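*Asks:* Below is a structure I'd like to ask you about.
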Amino acid sequence: MWLGNLPRSSSRRGTYLFLLVFLLGTVLPLGVASSPDSHGTDAPQDTKHEASNGHGHHGNESHTAVKKAFPVLNFEYESVRLPFEIALWILLASLMKLGFHLIPRLSSFVPESCLLIVVGLLVGGLIKIVGEKSPVLHSQIFFLYLLPPIILDAGYFLPIRPFSENIGTILVFAVIGTLWNSFFIGGLLYGVCQIGGKDLEKIGLLPNLLFGAIISAVDPVAVLAVFEEIHINELLHILVFGESLLNDAVTVVLYHLFEEYAGVGSVTFLDVPLGFICFFVVALGGVFVGLAYGLLAAFTSRFTTHTRVIEPLFAFLYSYMAYLSAEVFHLSGIMALIACGVVMRPYIEANISHKSHTTIKYFLKMWSSVSETLIFIFLGVSTVAGPHSWNWTFVICTLVFCLVARVLGVVGLTYIINKFRIVKLTTKDQFIIAYGGLRGAIAFSLGYLLPPDHFPMRDMFLTAIITVIFFTVFVQGMTIQPLVDLLAVKKKQETKRSINEEIHSQFLDHLLTGIEDVCGHYGHHHWKDKLNRFNKKYIKKCLIAGDRSKEPQLIAFYHKMEMKQAIELVETGGIAKIPSAVSTVSMQNIQPKQKVTERALPQLSKGKEEEIRKILRTNLQKTRQRLRSYNRHTLVADPYEDAWNQMLIRRQKVKQMEKRMNNYLTVPANHPDSPTMSRARLSSDPNAYIPKPKAGIPAITVDPASPQSPESLNLVDELSKRTEEEEEEGIVMKMHTPSTDEVFTSNNAEKEQRLMRCLSDPGPHPEGEEEEPFLP
Amino acid sequence: MGSRASTLLRDEEIEEIKKETGFSHSQITRLYSRFTSLDKGENGTLSREDFQRIPELAINPLGDRIINAFFSDGEDQVNFRAFMRTLAHFRPIEDNEKGKDPSSSEPLNSRNNKLLFAFRLYDLDKDDKISREELLQVLRMMVGVNISDEQLGSIADRTIQEADQDGDSAISFPEFVKVLEKVDVEQKMSIRFLH
């Protein structure tokens with residue numbers, strides 16, 4: 001029988017693969033057949049033209065004497081061509097993603113980005129064989145449509161605390177590191193060009209410097225794609241990632257500067273200080289634009305209590321507008337986007353409903369995922385398609401200089417930075433930072449943007465850029481994981497923040513601020529404290545609706561924890577014996593990656609209950625991992641979606657029934673239930689709520705696709721009725737710690753209000769994402 | 001600043017303070033000038049009023065406790081040595097100190113001592129435990145007046161439950177240390193004094 005299992009699983013895999021190939025087989029030829037000129041800007045006009053022609057033609061036809069038979073089935077492709085192709089490409093990208101995770105071991109040692117580029121190469125090759133003109137990653141499309149979702153996702157979920165603590169280091173790496181890289185690479189390449197063969201001699205200093213500027217920027221997309229999968233510790237992640245985000249300002253300035261003057265041929269001395277000023281304008285201007293839009297978005301979200309459905313739209317639209325506005329003025333769009341996301345997040349999350357928050361989160365992750373996939377696939381396609389001009393010297397030298405420049409830059413800058421840091425960067429850290437300097441699609445797009453008339457060597461540049469990108473993504477991307485393991489670099493800690501940590505951290509913040517004041521030293525804590533106080537006093541009042549503006553952060557955190565515990569209690573049914581097989585929220589979306597260390601649990605008098613709760617808690621903790629913001633590929637299912645309301649109802653019912661049973665010793669009559677209620681109940685149990693100690697107890701069927709607002713309104717009403725009832729009865733069963741009961745059995749109106757508010761709009765991120773003071 | 005400050009502080013004193021606290025020469029002189037600027041009575045010691053004159057400290061929720069931390073038991077004047085000794089807890093831990101032999105006494109800014117300092121700020125009655133009442137007081141100071149007592153009580157209860165391992169419904173120092181083991185105390189409790 002040992003043969004029995006093997007073929008079954010492999011045959012299932014085989015079926016999947018076959019299905020995938022089959023789908024691809026149908027999808028690809030369609031894509032191939034329809035791809036030429038799909039993404040050019042003339043395509044819409046073309047289709048419009050042809051569509052109007054078609055209509056005119058039809059019109060003519062109907063007027064002429066010769067009457068054809070009425071066409072029952074028509075084939076008119078041109079009018080839907082563009083959206084069709086776009087959808088097809090996105091579908092292809094998503095199917096690819098799916099496919100990778102079905103193939104068992106591949107995704108563990110090859111990062112997704114590499115696989116996607118390979119797919120792109122294959123598709124590009126296919127297109128070329130068929131003979132069509134393949135779509136190239138037009139820079140317009142890249143910068144306007146593909147890049148913003150990724151950056152917004154990164155900015156919105158940027159972990160503020162480590163970012164602000166390391167902002168100095170990040171800025172030094174981003175600005176000075178990138179400057180060093182560009183000039184080093186550009187200068188050395190110029191030297192090589194002078195020495196190397198005759199076709200290289202024509203390339204002047206400025207084009208070389210421009211090329212250096214393009215190739216030297218660390219790419220956020222590539223870094224995100226690779227670093228997400230290696231789970232490195234927070235500090236290193238934020239350093240490399242922050243650098244990749246903030247170097248956009250430098251890149252923009254250098255690019256425009258050199259591009260302008262490469263046409264002219266020389267740079268006067270006046271331009272250098274102008275360049276400096278330009279840098280500050282670009283960077284600070286971008287941030288300012290983002291700030292303005294972010295505050296606007298926060299302000300708008302204050303008034304959305306009656307139109308909950310379109311709340312996420314505001315977040316997205318304002319951010320996109322920030323990006324576009326910054327691009328209009330040639331300011332740094334990336335920095336605008338990041339600033340907007342960072343600024344609006346705390347206020348929006350205080351204002352919007354729980355569902356909107358989930359929507360925003362999921363949409364951002366989805367779009368950024370799709371974008372990233374498309375970018376890599378297109379990189380592959382463009383590689384096959386693009387005009388290439390291979391020059392051994394140039395390309396090899398570029399590669400070598402990139403690596404050398406990166407290492408030298410990191411080592412040199414770390415030496416200086418360590419003098420100012422409290423926690424110094426070790427050699428291992430430096431190695432990872434240097435190794436993590438991946439180049440990506442931004443470099444390619446910038447190179448693609450170069451006007452060919454000014455830059456006859458554009459093709460060679462593109463080839464070199466692609467080579468460097470391939471090298472960094474493939475070689476560095478694939479080997480970084482084993483290297484991280486080999487060097488035993490500290491990994492990410494997957495733990496939740498306990499209330500102790502929260503309280504003591506705040507305590508220490510106040511303490512440090514006080515000590516800084518005693519010393520007369522205006523340090524990090526001092527300014528953070530000032531900002532927080534300013535935020536609390538003025539800004540929060542404007543931007544957050546209702547009385548949530550006054551809610552201290554500690555209380556909000558505590559509420560989240562209590563909700564969590566409440567859910568746990570509800571899931572245990574609140575009474576003694578629970579079979580440990582009760583599995584909670586649907587596990588489909590959850591891919592727990594690492595075990596979560598168990599927290600110290602409260603010791604309650606009811607020992608057995610505690611034991612059971614412990615079991616459940618370990619199960620729950622595995623599922624409810626704290627969503628580290630920058631991990632895009634595993635989305636933890638939000639257990640609060642709709643499960644919350646149902647659980648709450650059930651809990652109330654449980655308590656009621658218990659009370660009644662204790663008081664009257666009769667089986668209570670059935671309440672007329674709302675459909676949600678009956679769905680939420682254990683199916684075989686209409687009366688008493690004691691879960692039978694059977695092994696085969698049905699799992700609590702939480703239907704993730706439960707209906708939306710109309711139902712929830714009902715739920716609220718029911719619960720309010722119930723709480724009122726309980727109040728009248730006045731008997732409150734204190735089964736557990738007073739804290740959790742207080743959440744449910746409201747003894748005063750204030751708490752009831754809060755409870756009701758909780759039900760209709762429970763706090764935005766009860767799964768433990770920190771709601772921190774503005775600069776925690 | 002400059003010469004006037006350094007003449008009031010003898011070199012031997014500087015050496016002693018250096019040995020005891022680990023501060024460098026320049027840091028000591030800088031802090032001495034701060035000390036003298038706070039010392040309005042110019043008698044070489046600081047009183048509670050001198051501290052309370054610092055504006056930001058007045059709005060700090062933990063202001064009073066921090067001030068009290070400088071004063072040792074029963075005294076109401078702080079001389080420069082004691083001032084430096086308290087501030088030494090917040091010196092960043094340097095790498096070269098980690099290699100020191102364990103026989104020498106633990107430097108004031110070791111992780112343990114930093115945590116001990118913080119613990120003592122909670123523990124007002126100095127019984128080496130943070131009781132529920134003490135925790136409540138701190139919570140009340142940090143959270144403000146809008147929150148009800150019951151709610152704070154439940155927070156305090158939960159906090160103690162989480163941390164308490166020996167079941168005495170209070171947080172002892174080892175429990176405190178354990179709870180904060182994931183927090184990067186070396187970084188969080190250090191002030192970067194400029195060189």
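The values are calculated or read from the model by the stated rules, or taken from the named source; none is laboratory data. Given the structure is predicted, the values throughout are model-derived calculations rather than measurements. Glycine also receives a Cβ, built like all others from the backbone with ideal geometry; neighbour counts cover every protein chain displayed.
*Asks:* Considering only residues that are buried (at least 17 other Cβ atoms within 10 Å of the Cβ) and part of a loop (DSSP other than H, G, I, E, B), look in the range B:111-159 and name the one that is nearest to the other protein chains (Cβ to nearest Cβ).
*Replies:* B:I147
*Asks:* Of the numbered conditions (1) free of Cβ contacts under 8 Å to residues at least 24 places away in the same chain; (2) surrounded by 20 or more Cβ atoms within 10 Å (Cβ to Cβ), B:F176 fails exactly one; give the number of that condition.
*Replies:* Every condition holds for B:F176 apart from (1).
*Asks:* Give the range A:505-534 a look and list any residue that's outside any helix (DSSP H, G or I) and at the interface with chain B (Cβ under 7 Å from one of its Cβ atoms), or say none.
*Replies:* Kept after step one, since they are outside any helix (DSSP H, G or I), are these residues of the range A:505-534: A:520-523.
Selection gives A:G520, A:H521, A:G523.
*Asks:* Let me ask something else. Suppose we filter the range A:76-98 for residues that are modelled with pLDDT under 85 and touching a Lys or Arg at 6+ places or on another chain (Cβ under 9 Å); how many remain?
*Replies:* Residues in the range A:76-98 being modelled with pLDDT under 85 and touching a Lys or Arg at 6+ places or on another chain (Cβ under 9 Å): 0 in total.
*Asks:* Let me ask something additional. Just wondering, is there one or more residues in the range A:408-423 that are modelled with pLDDT of 90 or more, more than 14 Å from every other protein chain (Cβ to nearest Cβ), part of a helix (DSSP H, G or I) and more than 20 Å from A:G168 (Cβ to Cβ)?
*Replies:* yes
*Asks:* Quick one: in the range B:160-183, which of the residues that are outside any helix (DSSP H, G or I) and within 7 Å of chain A (Cβ to nearest Cβ) is farthest from B:D123 (Cα to Cα)?
*Replies:* Checking each candidate, the answer is B:V183.
*Asks:* Report whether or not B:L31 is touching a Cys at 6+ places or on another chain (Cβ under 8 Å) and crowded, with 16+ Cβ neighbours inside 10 Å. Spell out the reasoning first.
*Replies:* Working: touching a Cys at 6+ places or on another chain (Cβ under 8 Å): yes; crowded, with 16+ Cβ neighbours inside 10 Å: yes.
Yes; evaluated as a whole, the condition is true for this residue.
*Asks:* Identify, from the list A:L291, A:L254, A:L239, the residue that is of a type outside the set (D, E), in contact with a Ser or Thr (Cβ under 7 Å, 6 or more places away or on another chain) and modelled with pLDDT of 90 or more.
*Replies:* Working: A:L291 fails: in contact with a Ser or Thr (Cβ under 7 Å, 6 or more places away or on another chain); A:L254 fails: modelled with pLDDT of 90 or more.
After ruling out the rest, the residue left standing is A:L239.
*Asks:* Now a separate question. Residues to consider are A:G290, A:G242; find the one that is in contact (Cβ under 8 Å) with a residue 60 or more places away in the chain and either charged (D, E, K, R) or buried (at least 19 other Cβ atoms within 10 Å of the Cβ) (or both).
*Replies:* Numbers: A:G290 fails: in contact (Cβ under 8 Å) with a residue 60 or more places away in the chain.
When all the criteria are applied, what remains is A:G242.
*Asks:* Restricting attention to the range A:477-495, does a residue exist that is at pLDDT below 80 and facing another protein chain (nearest Cβ under 9 Å)?
*Replies:* yes
*Asks:* Which pairs have Cβ atoms under 8 Å, sit 6 or more apart or on different chains, and link a residue in the range A:181-203 that is closer than 19 Å to A:S389 by Cα to one that is at pLDDT below 85 and assigned to a loop (DSSP other than H, G, I, E, B)?
*Replies:* What qualifies is A:Y190/A:I203; A:Y190/A:G204; A:C193/A:I203; A:D199/A:N391; A:L200/A:N391; A:K202/A:P456; A:K202/A:M457; A:I203/A:M457.
*Asks:* Name the residues in the range A:155-201 that are among the acidic types (D, E) and in contact with a Phe, Trp or Tyr (Cβ under 6 Å, 6 or more places away or on another chain), would you?
*Replies:* None - no residue of the range A:155-201 is among the acidic types (D, E) and in contact with a Phe, Trp or Tyr (Cβ under 6 Å, 6 or more places away or on another chain), so the list stays empty.
*Asks:* Would you mind stating whether A:G120 is more than 28 Å from A:G99 (Cα to Cα), modelled with pLDDT of 85 or more, assigned to a helix (DSSP H, G or I) and not aromatic (F, W, Y)?
*Replies:* Values: more than 28 Å from A:G99 (Cα to Cα): no; modelled with pLDDT of 85 or more: yes; assigned to a helix (DSSP H, G or I): yes; not aromatic (F, W, Y): yes.
No, not satisfied.
*Asks:* Has the range A:329-342 got at least one residue that is farther than 29 Å from A:L257 by Cα and over 17 Å from the mean Cα position of the chain (by Cα)?
*Replies:* No, that holds for no residue.
*Asks:* I'm trying to understand the selection: among the residues of the range B:34-59, which are facing another protein chain (nearest Cβ under 9 Å) and not basic (K, R)? Talk me through it step by step, then tell me what you get.
*Replies:* The first filter runs over the range B:34-59 and keeps only residues facing another protein chain (nearest Cβ under 9 Å), leaving B:34, B:37-38, B:51, B:54-57, B:59.
Across the range B:34-59, the qualifying residues are B:S37, B:L38, B:F51, B:I54, B:P55, B:E56, B:L57, B:I59.
*Asks:* Name, by its number, the condition in (1) part of a helix (DSSP H, G or I); (2) modelled with pLDDT under 80 that does not hold for A:K68.
*Replies:* For A:K68, the failing item is (1).
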